[in-house]
Amino acid sequence: MKCSIIFISEYFLTGGYMNKKIAVLKKGVTKKDVLMRTCCHTGTANIRV
Amino acid sequence: MKISQYCLIYPDSNNADSVVLFSTKKASAILVDKSILTDIKNGGLGEEERVTLADLGFLVETDEEEKQELLRYIDELNEIDTKLSVIVAMNLDCNLACTYRFEGRRKGKHYMSPETAGHVIDFIQNNLTKDRELLNVTFYGGEPLLSTELILSMAKRLKGIAETKGIDFGLQFVSNGTLLTPSVVEKLKLFGLKEASITLDGPEAVHNLSRPYKMGGGSFKKIVGNIKAVCGMIDINIGGNFTEANYREFPRLLDYLLAEGITPDRVANVKFDPVFGETSEYAPREMTGACLTPNEPWVFEAGIMLREEVMKRGFKTGGIQPVVCAIDLNNRHIINYDGSMYKCTGFFDRKDFITGNVKSGVTNNSSMYNLDNWKNEECLSCKFLPLCFGGCRYMKYVRDGNISGVDCKKPYYEACLEVLVKQDLRYLASNS
């Protein structure tokens with residue numbers, strides 16, 4: 001199989017794998033993204049700080 | 001290469017021949033033909049597949065190498081962090097008489113003085129070292145907007161300092177929303193106000209029961225009116241706190257917001273959390289129905305149900321991803337109204353957890369918060385570690401009276417993560 005990877009938009013457009021073995025649904029986050037969502041307890045909930 | 005220890009494999013409900021892989025380390029997700037799992041085991045992957053799976057965090061060279069990667073994780077965050085983030089409690093007073101607020105018996109007519117506010121600004125200025133690129137200040141309380149005049153003067157000075165240093169600046173509020181009027185927002189926007197987090201505890205009758213005015217009467221209509229008026233001016237995050245007795249009522253709040261024109265495109269984030277308990281020393285006398293851990297079965301059910309209701313109406317809510325506590329980050333500081341400093345608001349007035357004072361700066365390191373509590377074999381071999389990193393020290397303290405050990409969330413993730421990940425894939429990924 002020459003190219004066995006498709007990305008989410010293609011997956012939804014084609015309605016499935018076609019002849020691919022891997023569909024990337026979420027590319028994930030970087031450490032910078034993690035720093036933007038740091039949790040701080042503010043009593044009953046958490047906020048980003 | 002081998003499969004990551006932090007990879008979870010879930011069935012694909014649409015196809016028996018495929019599975020969903022989710023990396024707790026990277027929050028990446030893929031759908032793969034089951035034969036891929038065999039290919040990984042037998043070394044039968046093509047080059048493109050191997051590189052992609054490694055980039056997404058599903059493949060590692062060895063378990064030991066990955067363990068070392070996790071052990072370095074928070075140090076690396078601190079190394080690349082260019083933000084200085086400060087939460088400032090302007091007072092511990094409030095115009096509402098909530099039945100559960102965690103400040104509980106610590107609340108009262110305690111206000112930050114102009115002198116202390118000056119020291120707060122000096123502290124921030126002194127900590128804006130050359131490597132800082134962003135200053136974020138969150139005004140907190142009590143109800144911070146009972147101190148609006150002082151906030152305005154502080155915000156003006158802080159914005160000036162940020163501009164002089166050439167760094168980005170943002171202000172935010174955690175507010176009950178009753179005083180967040182367009183005129184207040186307009187004034188504060190001049191000085192960098194970007195967002196506010198406001199609490200609505202369910203539909204009108206439910207909210208008004210838990211968040212009445214001190215003088216009597218419900219606060220719901222005033223808060224919704226203010227949200228409606230300011231949601232086009234700044235980012236509004238709506239939070240809400242539910243109990244076992246009332247969580248089923250919360251979807252009616254979402255429908256009400258939509259009917260009022262507070263639509264997903266006008267709200268930055270919606271998230272509901274269970275009411276957490278407090279120790280008997282500080283807990284409000286009226287508090288009932290709070291949980292002491294997310295591992296309680298009713299919290300599983302409530303959390304999943306409410307997240308689904310939020311997402312299916314198109315409101316944005318945070319995706320599942322690695323989360324670290326502000327306690328672990330060197331450039332996050334929490335300042336109480338009297339200038340004493342902590343690493344978490346939950347520890348206000350608990351003298352053993354003071355890290356310093358705005359006048360003298362940080363004088364104690366944060367070791368009293370039991371840093372690195374997750375650096376043990378049991379946590380390192382737990383697939384959920386990157387989503388938790390030892391959990392919430394405040395909840396551990398409230399529950400057990402100490403913060404030795406971890407606030408383990410394994411039962412919660414075992415029960416809920418598959419559903420949460422699939423919610424993300426259905427609602428977040430398809431919108432991206």
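Each reported figure results from applying straightforward, stated rules to the coordinates on display, with no laboratory input. Nothing here was measured: the structure is a model prediction, and the numbers come from that model. Positions of Cβ are generated from backbone atoms using ideal geometry, with glycine treated the same way; all protein chains shown enter the neighbour counts.
Among the residues of B:43-56, the average count of other protein chain beta-carbon atoms within 10 Å of the residue beta-carbon is 3.
Working from label points 7 Å from Cα in the Cα-to-Cβ sense, the B:Thr363 to B:Asn42 distance is 6.7 nm.
With contacts taken as Cα pairs under 8 Å and at least 6 residues apart, chain B reaches a relative contact order of 17 percent. Once both labels are positioned 7 Å from their Cα atoms along Cα-to-Cβ, the gap between B:Asp63 and B:Leu292 label points is 3.5 nm.
Relative to a virtual label point 7 Å from the Cα of B:Asp338 in the Cα→beta-carbon direction, which members of the range B:391-430 show backbone nitrogen distances below 16 Å? From the range B:391-430, the list is empty. For the range B:188-340, just say rounded, prolate or oblate: build the C-alpha gyration tensor, square-root its eigenvalues into a ≥ b ≥ c, call rounded for a/c under 1.5, and beyond that prolate if a/b exceeds b/c, oblate if not. Rounded, because the longest to shortest axis ratio a/c is under 1.5. With the helix formula -39500 (n - 2.57) applied to DSSP H stretches of n ≥ 4, chain B reaches a computed 222 nm mean residue ellipticity of -10500 deg cm²/dmol.
Fewest neighbouring Cβ atoms within 10 Å first, the residues B:Val51, B:Val230 line up as B:Val51, B:Val230. What the phi angles of the range B:200-213 give under the Karplus curve with 6.51, -1.76 and 1.60, with θ = phi - 60°, is a coupling list of 10, 9, x, x, 3, 5, 5, 4, 5, 5, 8, 10, x, 5 Hz, glycine and proline written as x.
Converting phi to 3J(HN,Hα) with the Karplus coefficients 6.51, -1.76 and 1.60 and the offset θ = phi - 60°, the range B:5-10 yields 5, 9, 9, 10, 10, 10 Hz in sequence order, with x at every glycine or proline. All Cα-Cα separations within the range B:14-131 were binned at 10 Å from zero, giving a P(r) of 9, 23, 17, 17, 16, 14, 4, each value a whole percent of the pairs. Placing +1 on each Lys and Arg Cβ and -1 on each Asp and Glu Cβ, with no other charges, gives the range B:1-64 a dipole about its Cα centre of roughly 200 debye.
Between amide H atoms placed 1.01 Å from N, distances below 5 Å from B:Phe139 occur with B:Val88, B:Gln172, B:Phe173, B:Val174, all of them 5 or more places distant or on a separate chain.
Dipole magnitude for the protein assembly as shown: computed about the Cα centre from +1 point charges on Lys and Arg Cβ and -1 point charges on Asp and Glu Cβ, it is near 1100 debye. Relative protection proxy for B:179-189, B:139-149, B:299-309, from highest mean packing down: B:139-149, B:299-309, B:179-189 (other beta-carbon atoms within 10 angstrom). Packing, taken as the mean count of other beta carbons within 10 Å per residue, orders the peptides B:68-81, B:215-228 from highest to lowest as B:215-228, B:68-81. The string of couplings for the range A:21-27 from the Karplus curve (6.51, -1.76, 1.60, θ = phi - 60°) is 9, 10, 10, 7, 8, 9, 6 Hz, one whole number per residue in order, with x for Gly and Pro. Summarising the label geometry, the points placed 7 Å from Cα in the beta-carbon direction at B:Lys109 and B:Glu414 lie 5.3 nm from one another.
Close amide H contacts of B:Phe242 (hydrogens built in the peptide plane, cut-off under 5 Å, sequence separation of 5 or more or a different chain): B:Asp273, B:Val275. Between B:Asn126 and B:Arg313, the contour length at 0.36 nm per residue exceeds the alpha carbon distance by 62.8 nm. The distance separating the Cα centre of the range B:138-200 from that of the range B:355-415 comes to 30 Å.
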